[in-house]
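Colleague: Before we start, here is the structure in question, set down as structure tokens.
The values are calculated or read from the model by the stated rules, or taken from the named source; none is laboratory data. Quantities reported herein were computed from a predicted structural model and do not represent experimental measurements. All Cβ positions, glycine included, derive from the backbone under ideal geometry; neighbour counts span all protein chains shown. Side chains included, ligands, DNA and RNA excluded: accessible areas come from the protein's heavy atoms. Shrake-Rupley method; radii C 1.70, N 1.55, O 1.52, S 1.80 Å.
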Amino acid sequence: MPESRPVLCRTCMERLGIPDADEGPCEICEKVRAGLHLADTINPDFEYESFNVGIVMPPGPQEREGELVSAYHLRGARSFKTEMNRELRERLEERLGKRADVVDPDVVFEIHIPKGRVFYHLKSLTLSGSYNKYDRTIPQTKWHCKACRGRGCPRCNNTGKMYPTSVEEIVGEPLLAATKGRETRFHGAGREDIDVRMLGDGRPFVIEILSPKVRTLDYAALEAAINEDERIAIHGLAPCEKSLVEALKMGAFRKTYNAILDKTLTIEEIKRIEEELVGEIDQRTPIRVSHRRSDLIRKRKVYKVIGKNSKTTELEIYCDGGLYIKELISGDEGRTQPSVSQILNMQVQCKQLDVLAIHKDTDN
Ligand SMILES: [Zn+2]
Ligand SMILES: [Zn+2]
């Protein structure tokens with residue numbers, strides 16, 4: 001038995017099954033009920049189909065309920081928080097004319113009683129598609145200026161960015177305008193260097209739009225608007241599950257590249273490359289990325305190389321994802337073995353690189 005007889009409302013008394021409580025201003029739910037009028041202020045100015053509610057409690061009531069539950073050995077009683085959430089959901093369903101969904105709602109109304117206000121948490125909108133990049137000056141995602149880390153400084157002309165734009169921004173800006181969202185997060189199935197074009201069927205991506213106020217979109221029109229910028233092209237823009245982000249990050253897709261060399265090789269040299277470059281490559285983290293990638297030796301395979309001469313020599317290389325192609329050619333001072341330079345015993349550089357294909361069906 002507790003030290004003093006509890007004072008409870010009739011609802012809490014019956015819910016918990018405490019027969020000898022005094023009826024009066026409830027020690028458990030009184031303070032919370034006083035805050036529930038906040039729910040009447042919920043008045044969304046955004047599009048949503050479903051909602052859930054959460055209550056941030058003032059200190060006290062839950063602890064008091066816990067004490068009573070243990071003092072009276074009340075196993076299995078529904079907590080008042082659960083009860084109130086249910087009550088609120090029903091009240092709001094009726095008033096707002098929307099469906100309550102506790103699993104995956106478009107918005108969660110957080111009724112913050114201590115702060116005396118309601119916070120709206122809108123579910124992100126997640127879209128997938130593929131992009132091509134036809135320009136050798138834009139990165140995939142926004143890069144913060146190294147000097148100011150995004151705050152803005154003279155070096156970056158107060159933009160906070162290293163580059164004027166990116167695939168992320170070209171794709172994201174029309175989407176932000178259409179959804180009135182707050183910001184975007186861009187996830188690619190890998191990324192190409194800034195000076196590398198992404199050709200063929202493109203690279204799969206997912207873009208998340210945070211806090212979208214509009215969810216019904218005309219995807220064909222948005223794609224067309226994005227594709228007005230001729231530096232890139234996207235296709236297949238459609239809603240997707242957020243779990244696709246993980247799948248994109250985990251997938252090690254094989255790639256086909258076209259590399260233009262800085263030298264013209266003889267037919268015999270091309271033949272040697274086509275034969276000797278195929279197989280396992282030991283690649284130590286390239287010098288140029290060693291400041292942001294841990295130093296280790298990766299083993300990746302080259303499956304096929306086809307060389308041809310036009311102005312200089314071009315190599316079409318079919319290989320595992322995660323292989324650095326510029327270093328596969330230069331050798332990176334012996335850090336990539338074998339390499340084109342090593343096989344021919346002369347320094348060869350990759351002058352220009354394109355991704356021709358990302359092979360989704362050979363995930364390994
Ligand atoms: Zn009560
Ligand atoms: Zn800066």
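Colleague: If I ask for residues that are touching a residue at least 24 places away in the same chain (Cβ under 8 Å) and either part of a loop (DSSP other than H, G, I, E, B) or within 11 Å of ligand 2 (Cβ to nearest atom) (or both), which ones from the stretch 118-147 would you list?
Modeller: The answer is Ser124, Tyr134, Asp135, Arg136, Thr137, Ile138, Pro139, Gln140, Thr141, Lys142.
Colleague: Based on this model, can you work out whether Ala178 counts as outside any loop (DSSP other than H, G, I, E, B), open to solvent by 30 Å² or more (accessible area, probe 1.4 Å) and more than 16 Å from ligand 2 (Cβ to nearest atom)?
Modeller: Yes.
Colleague: I need a count of the residues in the stretch 244-270 that are open to solvent by less than 60 Å² (accessible area, probe 1.4 Å) and part of a helix (DSSP H, G or I).
Modeller: 5
Colleague: Based on this model, can you work out whether Val108 counts as in a loop (DSSP other than H, G, I, E, B), outside the structural domain of Asp201 (by TED's automatic domain parsing), at pLDDT 90 or above and away from ligand 2 (no atom under 16 Å from the Cβ)?
Modeller: no
Colleague: Listed residues Leu222, Leu237; which is in the same structural domain as Ile138 (by TED's automatic domain parsing) and in a strand (DSSP E or B)?
Modeller: Unique residue meeting the criteria: Leu237.
Colleague: Still on this structure, please answer the following. Scan the stretch 148-162 for residues that are open to solvent by less than 20 Å² (accessible area, probe 1.4 Å) and either more than 6 Å from ligand 2 (Cβ to nearest atom) or assigned to a helix (DSSP H, G or I) (or both) and jot them down.
Modeller: Across the stretch 148-162, the qualifying residue is only Cys156.
Colleague: Which of the residues that make up the stretch 87-107 are closer than 17 Å to Gly35 by Cβ and either open to solvent by 30 Å² or more (accessible area, probe 1.4 Å) or of a type in the set (Phe, Trp, Tyr) (or both)?
Modeller: Start the filter on the stretch 87-107 by keeping residues that are closer than 17 Å to Gly35 by Cβ, which leaves 87-89, 91-92.
Within the stretch 87-107, Glu87, Arg89, Arg91 meet the criteria.
Colleague: Shifting gears a bit: Just for the stretch 163-175: of the residues that are of a type outside the set (D, E, K, R) and not in a loop (DSSP other than H, G, I, E, B), which one is surrounded by the most Cβ atoms within 10 Å (Cβ to Cβ)?
Modeller: Val167
Colleague: Sort through Asp201, Asp195, Asp229 and tell me the only one that's farther than 30 Å from Phe109 by Cα, open to solvent by 20 Å² or more (accessible area, probe 1.4 Å) and in contact with a Lys or Arg (Cβ under 6 Å, 6 or more places away or on another chain).
Modeller: Just a single option satisfies the conditions, and that option is Asp195.
Colleague: Report the residue count in the stretch 1-31 for those that are within 16 Å of Leu74 (Cα to Cα), surrounded by fewer than 19 Cβ atoms within 10 Å (Cβ to Cβ) and within 8 Å of ligand 1 (Cβ to nearest atom).
Modeller: 1
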